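Below you'll find the structure, written out as C-alpha coordinates, and then a few comments.
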There are 2 protein chains.
Amino acid sequence: MRLTTKGRYAVTAMLDLALHSRTNPVTLTDIAARQTISLSYLEQLFARLRRADMVKGVRGPGGGYTLSSDANNINIADIIAAVDEPIDATKCGGEANCQNEKACLTHDLWMGLSAQIRQYLKSITLGDLIAKQLAQETAIVKSEEIVNIVELHKTNELHSIL
Amino acid sequence: MRLTTKGRYAVTAMLDLALHSRTNPVTLTDIAARQTISLSYLEQLFARLRRADMVKGVRGPGGGYTLSSDANNINIADIIAAVDEPIDATKCGGEANCQNEKACLTHDLWMGLSAQIRQYLKSITLGDLIAKQLAQETAIVKSEEIVNIVELHKTNELHSIL
DNA sequence: TAATTGTTGACTATTTTACTTGGTTACGTA
DNA sequence: TACGTAACCAAGTAAAATAGTCAACAATTA
(Lines give C-alpha, C1' and ligand atoms only; values in the text may rest on other atoms or scores of the structure.)
Protein backbone atom coordinates (compact mmCIF):
# COMPACT_ATOMS: atom_id res chain seq x y z
CA MET A 1 0.00 0.00 0.00
CA ARG A 2 1.42 3.30 -1.11
CA LEU A 3 -0.10 6.66 -0.24
CA THR A 4 0.53 9.38 -2.80
CA THR A 5 -1.42 12.17 -4.47
CA LYS A 6 -2.26 9.82 -7.34
CA GLY A 7 -4.43 7.70 -5.10
CA ARG A 8 -6.07 10.83 -3.75
CA TYR A 9 -6.95 11.93 -7.27
CA ALA A 10 -8.62 8.59 -7.87
CA VAL A 11 -10.57 8.68 -4.62
CA THR A 12 -11.69 12.24 -5.29
CA ALA A 13 -12.87 11.37 -8.79
CA MET A 14 -14.67 8.24 -7.62
CA LEU A 15 -16.42 10.18 -4.87
CA ASP A 16 -17.48 12.82 -7.39
CA LEU A 17 -18.79 10.06 -9.62
CA ALA A 18 -20.68 8.41 -6.77
CA LEU A 19 -22.27 11.73 -5.86
CA HIS A 20 -23.42 12.57 -9.39
CA SER A 21 -24.23 9.26 -11.09
CA ARG A 22 -27.39 8.47 -9.15
CA THR A 23 -29.51 8.67 -12.31
CA ASN A 24 -27.33 9.19 -15.36
CA PRO A 25 -23.73 8.41 -16.31
CA VAL A 26 -21.23 11.17 -15.58
CA THR A 27 -18.71 12.35 -18.16
CA LEU A 28 -15.06 12.69 -17.33
CA THR A 29 -15.27 16.21 -18.72
CA ASP A 30 -17.65 17.11 -15.90
CA ILE A 31 -15.50 15.51 -13.24
CA ALA A 32 -12.41 17.17 -14.66
CA ALA A 33 -14.12 20.57 -14.47
CA ARG A 34 -15.50 20.10 -10.95
CA GLN A 35 -12.34 18.67 -9.45
CA THR A 36 -9.86 20.58 -11.62
CA ILE A 37 -8.06 17.48 -12.83
CA SER A 38 -6.75 17.14 -16.38
CA LEU A 39 -9.22 15.23 -18.57
CA SER A 40 -6.60 12.98 -20.12
CA TYR A 41 -5.11 12.17 -16.76
CA LEU A 42 -8.58 11.19 -15.59
CA GLU A 43 -8.91 8.99 -18.66
CA GLN A 44 -5.79 7.14 -17.67
CA LEU A 45 -6.96 6.70 -14.10
CA PHE A 46 -10.38 5.51 -15.23
CA ALA A 47 -8.84 3.06 -17.68
CA ARG A 48 -7.33 1.35 -14.65
CA LEU A 49 -10.49 1.64 -12.62
CA ARG A 50 -12.42 0.08 -15.49
CA ARG A 51 -9.94 -2.80 -15.81
CA ALA A 52 -10.37 -3.32 -12.07
CA ASP A 53 -14.11 -3.50 -12.77
CA MET A 54 -14.94 -0.66 -10.42
CA VAL A 55 -16.59 1.56 -13.06
CA LYS A 56 -18.43 0.99 -16.32
CA GLY A 57 -18.04 3.18 -19.39
CA VAL A 58 -21.01 4.10 -21.59
CA ARG A 59 -20.14 5.43 -25.01
CA GLY A 60 -21.91 7.94 -27.16
CA PRO A 61 -24.06 10.96 -26.37
CA GLY A 62 -25.53 10.84 -22.90
CA GLY A 63 -22.78 8.41 -22.01
CA GLY A 64 -20.11 8.62 -19.35
CA TYR A 65 -19.14 6.49 -16.38
CA THR A 66 -21.16 4.77 -13.68
CA LEU A 67 -20.09 2.76 -10.65
CA SER A 68 -19.98 -0.98 -11.28
CA SER A 69 -21.55 -1.70 -7.92
CA ASP A 70 -23.19 0.08 -5.01
CA ALA A 71 -21.21 2.85 -3.37
CA ASN A 72 -21.38 0.92 -0.11
CA ASN A 73 -19.48 -1.93 -1.71
CA ILE A 74 -16.61 0.18 -3.01
CA ASN A 75 -13.89 0.80 -0.47
CA ILE A 76 -11.01 3.26 -0.51
CA ALA A 77 -8.26 0.65 -0.39
CA ASP A 78 -9.42 -0.95 -3.63
CA ILE A 79 -9.54 2.40 -5.41
CA ILE A 80 -5.98 3.20 -4.44
CA ALA A 81 -4.78 -0.29 -5.30
CA ALA A 82 -6.36 0.01 -8.75
CA VAL A 83 -4.45 3.12 -9.80
CA ASP A 84 -1.15 2.67 -7.92
CA GLU A 85 1.62 0.48 -9.15
CA PRO A 86 2.18 -2.35 -6.71
CA ILE A 87 5.04 -1.43 -4.41
CA ASP A 88 8.17 -3.30 -5.37
CA ALA A 89 8.64 -6.21 -3.01
CA THR A 90 12.13 -5.00 -2.01
CA LYS A 91 15.26 -6.97 -2.76
CA CYS A 92 14.28 -10.17 -0.96
CA GLY A 93 10.85 -10.39 -2.55
CA GLY A 94 9.39 -13.12 -0.42
CA GLU A 95 12.14 -15.44 -1.59
CA ALA A 96 13.72 -15.37 1.84
CA ASN A 97 17.13 -15.38 0.21
CA CYS A 98 18.49 -12.31 1.94
CA GLN A 99 21.79 -12.71 3.76
CA ASN A 100 20.97 -10.52 6.74
CA GLU A 101 17.93 -10.93 8.92
CA LYS A 102 17.54 -7.19 9.48
CA ALA A 103 16.50 -6.47 5.93
CA CYS A 104 13.82 -9.10 6.26
CA LEU A 105 12.74 -7.64 9.57
CA THR A 106 11.98 -4.24 8.13
CA HIS A 107 10.49 -5.95 5.11
CA ASP A 108 8.08 -7.75 7.39
CA LEU A 109 7.43 -4.54 9.26
CA TRP A 110 6.53 -2.73 6.08
CA MET A 111 4.39 -5.51 4.68
CA GLY A 112 2.53 -5.82 7.97
CA LEU A 113 2.12 -2.10 8.19
CA SER A 114 0.73 -1.97 4.67
CA ALA A 115 -1.72 -4.73 5.51
CA GLN A 116 -2.81 -2.80 8.57
CA ILE A 117 -3.39 0.43 6.69
CA ARG A 118 -5.05 -1.44 3.87
CA GLN A 119 -7.44 -2.98 6.34
CA TYR A 120 -8.28 0.42 7.71
CA LEU A 121 -8.91 1.91 4.27
CA LYS A 122 -10.93 -1.18 3.35
CA SER A 123 -13.33 -0.37 6.19
CA ILE A 124 -14.25 2.98 4.63
CA THR A 125 -16.53 2.95 1.57
CA LEU A 126 -17.67 5.59 -0.88
CA GLY A 127 -21.07 5.17 0.74
CA ASP A 128 -19.62 6.32 4.04
CA LEU A 129 -18.24 9.43 2.40
CA ILE A 130 -21.54 10.13 0.66
CA ALA A 131 -23.37 9.81 3.95
CA LYS A 132 -21.03 12.44 5.33
CA GLN A 133 -21.65 14.60 2.30
CA LEU A 134 -25.43 14.30 2.53
CA ALA A 135 -25.78 14.51 6.28
CA GLN A 136 -22.96 16.99 6.79
CA GLU A 137 -23.05 16.24 10.47
CA THR A 138 -21.54 13.83 12.94
CA ALA A 139 -21.33 10.56 11.11
CA ILE A 140 -22.41 7.14 12.19
CA VAL A 141 -19.39 5.31 13.45
CA LYS A 142 -19.30 1.83 12.10
CA SER A 143 -18.65 0.14 15.39
CA GLU A 144 -18.55 -3.40 14.09
CA GLU A 145 -15.74 -2.75 11.66
CA ILE A 146 -13.72 -0.90 14.25
CA VAL A 147 -14.16 -3.73 16.71
CA ASN A 148 -12.99 -6.17 14.07
CA ILE A 149 -9.89 -4.13 13.47
CA VAL A 150 -9.20 -4.00 17.16
CA GLU A 151 -9.57 -7.74 17.52
CA LEU A 152 -7.12 -8.24 14.70
CA HIS A 153 -4.79 -5.83 16.42
CA LYS A 154 -4.93 -7.87 19.59
CA THR A 155 -4.72 -11.32 18.06
CA ASN A 156 -3.21 -11.87 14.67
CA GLU A 157 -1.78 -8.85 12.99
CA LEU A 158 0.36 -7.20 15.61
CA HIS A 159 2.05 -10.50 16.36
CA SER A 160 3.58 -10.52 12.93
CA ILE A 161 4.44 -6.86 12.91
CA LEU A 162 5.87 -6.22 16.34
CA MET B 1 1.71 11.33 5.92
CA ARG B 2 3.07 9.80 2.75
CA LEU B 3 4.16 6.19 2.45
CA THR B 4 6.91 5.57 -0.08
CA THR B 5 10.12 3.59 -0.36
CA LYS B 6 12.07 6.60 0.88
CA GLY B 7 10.50 6.33 4.30
CA ARG B 8 11.19 2.63 4.34
CA TYR B 9 14.86 3.25 3.62
CA ALA B 10 15.00 5.60 6.57
CA VAL B 11 13.24 3.22 8.94
CA THR B 12 15.46 0.36 7.83
CA ALA B 13 18.61 2.41 8.37
CA MET B 14 17.44 3.66 11.75
CA LEU B 15 16.63 0.15 12.87
CA ASP B 16 20.05 -1.04 11.73
CA LEU B 17 21.59 1.83 13.66
CA ALA B 18 19.59 1.04 16.78
CA LEU B 19 20.65 -2.59 16.60
CA HIS B 20 24.37 -1.87 16.19
CA SER B 21 25.07 1.31 18.14
CA ARG B 22 24.64 -0.17 21.61
CA THR B 23 28.28 0.52 22.45
CA ASN B 24 29.96 2.44 19.62
CA PRO B 25 28.85 4.79 16.85
CA VAL B 26 28.00 3.11 13.57
CA THR B 27 29.35 4.37 10.25
CA LEU B 28 27.08 4.93 7.31
CA THR B 29 29.46 2.78 5.30
CA ASP B 30 28.53 -0.18 7.49
CA ILE B 31 24.81 0.48 7.23
CA ALA B 32 25.10 0.94 3.48
CA ALA B 33 26.83 -2.41 3.17
CA ARG B 34 24.45 -4.30 5.44
CA GLN B 35 21.26 -2.85 4.00
CA THR B 36 22.55 -2.41 0.46
CA ILE B 37 21.68 1.27 0.27
CA SER B 38 23.90 3.76 -1.53
CA LEU B 39 26.23 5.55 0.90
CA SER B 40 25.59 9.00 -0.52
CA TYR B 41 21.85 8.48 -0.44
CA LEU B 42 22.14 7.46 3.19
CA GLU B 43 24.15 10.62 3.82
CA GLN B 44 21.27 12.69 2.49
CA LEU B 45 18.72 10.84 4.59
CA PHE B 46 20.85 11.15 7.71
CA ALA B 47 21.37 14.85 7.10
CA ARG B 48 17.62 15.22 7.53
CA LEU B 49 17.49 12.86 10.49
CA ARG B 50 20.25 14.87 12.15
CA ARG B 51 18.41 18.16 11.53
CA ALA B 52 15.34 16.56 13.10
CA ASP B 53 17.59 15.76 16.07
CA MET B 54 16.97 12.03 15.86
CA VAL B 55 20.63 11.04 15.39
CA LYS B 56 23.99 12.49 16.36
CA GLY B 57 27.06 12.44 14.15
CA VAL B 58 30.53 11.79 15.58
CA ARG B 59 33.41 12.74 13.34
CA GLY B 60 36.82 11.20 12.96
CA PRO B 61 38.10 7.65 13.28
CA GLY B 62 35.86 5.50 15.45
CA GLY B 63 33.08 7.94 14.70
CA GLY B 64 29.75 7.40 13.06
CA TYR B 65 26.16 7.92 14.10
CA THR B 66 24.29 7.23 17.30
CA LEU B 67 20.66 7.66 18.26
CA SER B 68 19.87 10.97 19.94
CA SER B 69 17.60 9.29 22.46
CA ASP B 70 16.56 5.86 23.62
CA ALA B 71 15.20 3.52 20.97
CA ASN B 72 11.96 3.34 22.92
CA ASN B 73 11.47 7.06 22.44
CA ILE B 74 11.91 7.05 18.66
CA ASN B 75 8.76 6.18 16.77
CA ILE B 76 8.28 5.25 13.13
CA ALA B 77 6.06 8.20 12.25
CA ASP B 78 8.73 10.72 13.22
CA ILE B 79 11.36 8.93 11.14
CA ILE B 80 9.18 9.03 8.05
CA ALA B 81 8.18 12.63 8.65
CA ALA B 82 11.85 13.60 8.93
CA VAL B 83 12.85 12.33 5.48
CA ASP B 84 9.64 12.85 3.50
CA GLU B 85 8.63 16.17 2.07
CA PRO B 86 5.34 17.27 3.60
CA ILE B 87 2.49 16.33 1.28
CA ASP B 88 1.24 19.37 -0.60
CA ALA B 89 -1.99 20.60 1.01
CA THR B 90 -3.93 20.30 -2.28
CA LYS B 91 -5.35 23.30 -4.06
CA CYS B 92 -7.50 24.59 -1.20
CA GLY B 93 -4.70 24.48 1.33
CA GLY B 94 -6.72 25.00 4.47
CA GLU B 95 -7.82 28.38 3.14
CA ALA B 96 -11.35 27.04 2.64
CA ASN B 97 -11.56 29.07 -0.54
CA CYS B 98 -12.57 26.24 -2.81
CA GLN B 99 -15.72 26.70 -4.84
CA ASN B 100 -17.01 23.16 -4.59
CA GLU B 101 -17.53 21.33 -1.34
CA LYS B 102 -16.52 17.95 -2.77
CA ALA B 103 -12.88 18.87 -3.15
CA CYS B 104 -12.83 19.91 0.48
CA LEU B 105 -14.54 16.69 1.49
CA THR B 106 -11.83 14.50 0.06
CA HIS B 107 -9.26 16.91 1.42
CA ASP B 108 -10.66 16.36 4.89
CA LEU B 109 -10.78 12.66 4.26
CA TRP B 110 -7.13 12.57 3.33
CA MET B 111 -5.97 14.76 6.16
CA GLY B 112 -7.92 12.70 8.68
CA LEU B 113 -6.61 9.52 7.19
CA SER B 114 -3.05 10.78 7.42
CA ALA B 115 -3.59 11.69 11.06
CA GLN B 116 -4.95 8.23 11.72
CA ILE B 117 -2.05 6.45 10.09
CA ARG B 118 0.41 8.80 11.74
CA GLN B 119 -1.08 7.95 15.11
CA TYR B 120 -0.71 4.27 14.39
CA LEU B 121 2.92 4.62 13.31
CA LYS B 122 3.58 6.81 16.32
CA SER B 123 2.61 3.92 18.59
CA ILE B 124 5.43 1.76 17.22
CA THR B 125 8.99 2.55 18.32
CA LEU B 126 12.41 1.32 17.29
CA GLY B 127 12.49 -0.34 20.69
CA ASP B 128 9.48 -2.42 19.72
CA LEU B 129 11.23 -3.58 16.58
CA ILE B 130 14.41 -4.37 18.49
CA ALA B 131 12.41 -6.41 20.98
CA LYS B 132 11.07 -8.38 18.07
CA GLN B 133 14.57 -8.79 16.69
CA LEU B 134 15.98 -9.96 20.00
CA ALA B 135 13.11 -12.13 21.09
CA GLN B 136 12.22 -13.39 17.62
CA GLU B 137 8.97 -14.71 18.96
CA THR B 138 5.42 -13.55 19.57
CA ALA B 139 5.74 -9.94 20.62
CA ILE B 140 4.20 -8.17 23.52
CA VAL B 141 1.13 -6.36 22.32
CA LYS B 142 1.06 -2.84 23.65
CA SER B 143 -2.51 -2.97 24.80
CA GLU B 144 -2.66 0.53 26.20
CA GLU B 145 -1.71 2.22 22.96
CA ILE B 146 -4.15 0.11 21.00
CA VAL B 147 -6.93 0.97 23.40
CA ASN B 148 -6.09 4.62 23.02
CA ILE B 149 -6.32 4.36 19.25
CA VAL B 150 -9.64 2.62 19.55
CA GLU B 151 -11.03 5.27 21.86
CA LEU B 152 -10.00 7.92 19.40
CA HIS B 153 -11.66 5.92 16.68
CA LYS B 154 -14.88 5.88 18.60
CA THR B 155 -14.89 9.45 19.81
CA ASN B 156 -12.96 12.12 18.02
CA GLU B 157 -11.18 11.08 14.89
CA LEU B 158 -13.72 9.17 12.89
CA HIS B 159 -16.26 11.90 13.35
CA SER B 160 -14.14 14.22 11.31
CA ILE B 161 -13.23 11.65 8.72
CA LEU B 162 -16.48 9.86 8.03
C1' DT C 1 50.80 14.20 10.23
C1' DA C 2 47.84 10.77 8.27
C1' DA C 3 43.78 8.20 8.26
C1' DT C 4 39.03 8.25 9.17
C1' DT C 5 34.45 9.75 9.04
C1' DG C 6 30.96 13.25 9.07
C1' DT C 7 29.35 17.32 6.40
C1' DT C 8 28.14 19.83 2.41
C1' DG C 9 27.06 21.05 -2.35
C1' DA C 10 26.47 20.28 -7.01
C1' DC C 11 25.47 17.31 -10.45
C1' DT C 12 23.31 13.10 -13.05
C1' DA C 13 20.13 9.24 -14.09
C1' DT C 14 15.92 6.96 -13.47
C1' DT C 15 11.22 6.65 -12.31
C1' DT C 16 6.81 8.45 -11.30
C1' DT C 17 3.47 11.88 -11.80
C1' DA C 18 0.79 14.88 -14.34
C1' DC C 19 -0.43 16.48 -18.47
C1' DT C 20 -0.79 17.02 -23.83
C1' DT C 21 -1.86 15.79 -28.45
C1' DG C 22 -4.12 13.36 -31.75
C1' DG C 23 -6.38 9.98 -32.99
C1' DT C 24 -10.31 5.63 -33.24
C1' DT C 25 -14.46 3.62 -31.99
C1' DA C 26 -19.25 3.14 -30.38
C1' DC C 27 -23.50 5.20 -29.91
C1' DG C 28 -27.54 8.36 -30.03
C1' DT C 29 -30.06 11.63 -32.60
C1' DA C 30 -31.41 14.78 -36.23
C1' DT D 1 -27.01 8.39 -43.21
C1' DA D 2 -24.46 12.16 -41.31
C1' DC D 3 -23.08 14.42 -37.22
C1' DG D 4 -21.90 15.15 -32.59
C1' DT D 5 -20.64 13.11 -28.33
C1' DA D 6 -18.05 10.70 -25.37
C1' DA D 7 -15.40 6.57 -24.24
C1' DC D 8 -11.16 4.46 -25.55
C1' DC D 9 -6.30 4.27 -26.95
C1' DA D 10 -1.33 5.37 -27.94
C1' DA D 11 2.28 8.31 -28.14
C1' DG D 12 5.04 11.72 -26.27
C1' DT D 13 6.45 15.60 -22.95
C1' DA D 14 7.42 18.35 -18.67
C1' DA D 15 8.04 18.54 -14.02
C1' DA D 16 8.92 16.44 -9.85
C1' DA D 17 10.59 12.89 -6.72
C1' DT D 18 13.73 9.19 -6.09
C1' DA D 19 18.14 7.28 -6.12
C1' DG D 20 22.75 7.68 -6.73
C1' DT D 21 27.52 9.93 -8.00
C1' DC D 22 31.47 12.93 -7.40
C1' DA D 23 34.31 16.07 -5.14
C1' DA D 24 35.74 18.95 -1.68
C1' DC D 25 36.12 20.18 3.17
C1' DA D 26 35.99 19.83 8.50
C1' DA D 27 36.71 17.56 12.73
C1' DT D 28 38.70 14.07 15.25
C1' DT D 29 41.71 10.25 16.62
C1' DA D 30 45.89 7.57 16.56
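The values are calculated or read from the model by the stated rules, or taken from the named source; none is laboratory data. The shown structure was predicted, so the numbers you read here are calculated from the model rather than taken from an experiment. No Cβ is skipped: glycine too gets one built from the backbone with ideal geometry, and neighbour counts run over all protein chains shown. Side chains included, ligands, DNA and RNA excluded: accessible areas come from the protein's heavy atoms. Shrake-Rupley method; radii C 1.70, N 1.55, O 1.52, S 1.80 Å.
Scan the range B:29-58 for residues that are open to solvent by 70 Å² or more (accessible area, probe 1.4 Å), more than 12 Å from DNA strand D (Cβ to nearest atom) and under 14 Å from residue B:74 (Cβ atoms) and report the count.
Count: 2.
Looking at (1) out of contact with any strand residue (DSSP E or B) (no Cβ under 6 Å at 6 or more places or on another chain); (2) within 9 Å of DNA strand C (Cβ to nearest atom), can you tell me which one residue B:55 breaks?
Result: residue B:55 passes all but (1).
Kindly indicate whether any position in the range B:67-84 is within 11 Å of DNA strand C (Cβ to nearest atom) and surrounded by fewer than 17 Cβ atoms within 10 Å (Cβ to Cβ).
Of all residues in the range B:67-84, those within 11 Å of DNA strand C (Cβ to nearest atom) come to none.
So far as the range B:67-84 goes, no, none of its residues is within 11 Å of DNA strand C (Cβ to nearest atom) and surrounded by fewer than 17 Cβ atoms within 10 Å (Cβ to Cβ).
For the range A:1-42, give me each residue that is in contact with a Lys or Arg (Cβ under 6 Å, 6 or more places away or on another chain) and within 11 Å of DNA strand C (Cβ to nearest atom). Talk me through it step by step, then tell me what you get.
Initially, the range A:1-42 is screened for residues in contact with a Lys or Arg (Cβ under 6 Å, 6 or more places away or on another chain), giving A:1, A:3, A:16.
Result: A:3, single match.
Take residue B:64 and tell me if it is modelled with pLDDT of 95 or more, more than 10 Å from DNA strand D (Cβ to nearest atom), more than 25 Å from residue B:120 (Cα to Cα) and of a type outside the set (Ser, Thr, Tyr).
Answer is yes for this residue.
I'd like to know if the range A:45-65 contains one or more residues that are more than 19 Å from residue B:113 (Cβ to Cβ) and in contact with a His (Cβ under 7 Å, 6 or more places away or on another chain).
no
Take the residues in the range A:2-16 that are in a helix (DSSP H, G or I) and surrounded by fewer than 18 Cβ atoms within 10 Å (Cβ to Cβ), then tell me which one is nearest to the other protein chains (Cβ to nearest Cβ).
In the first step, residues of the range A:2-16 are kept if they are in a helix (DSSP H, G or I); the result is A:5-16.
Among the residues that remain, those that are also surrounded by fewer than 18 Cβ atoms within 10 Å (Cβ to Cβ) are: A:5-6.
Details: A:5: 7, A:6: 11 Å.
Only one residue tops the list, namely A:5.
Is it true that residue B:19 is within 9 Å of another protein chain (Cβ to nearest Cβ), part of a helix (DSSP H, G or I) and open to solvent by 10 Å² or more (accessible area, probe 1.4 Å)? If you could, list the steps in order and put the result at the bottom.
Numbers: within 9 Å of another protein chain (Cβ to nearest Cβ): yes; part of a helix (DSSP H, G or I): yes; open to solvent by 10 Å² or more (accessible area, probe 1.4 Å): yes.
The answer is yes for residue B:19.
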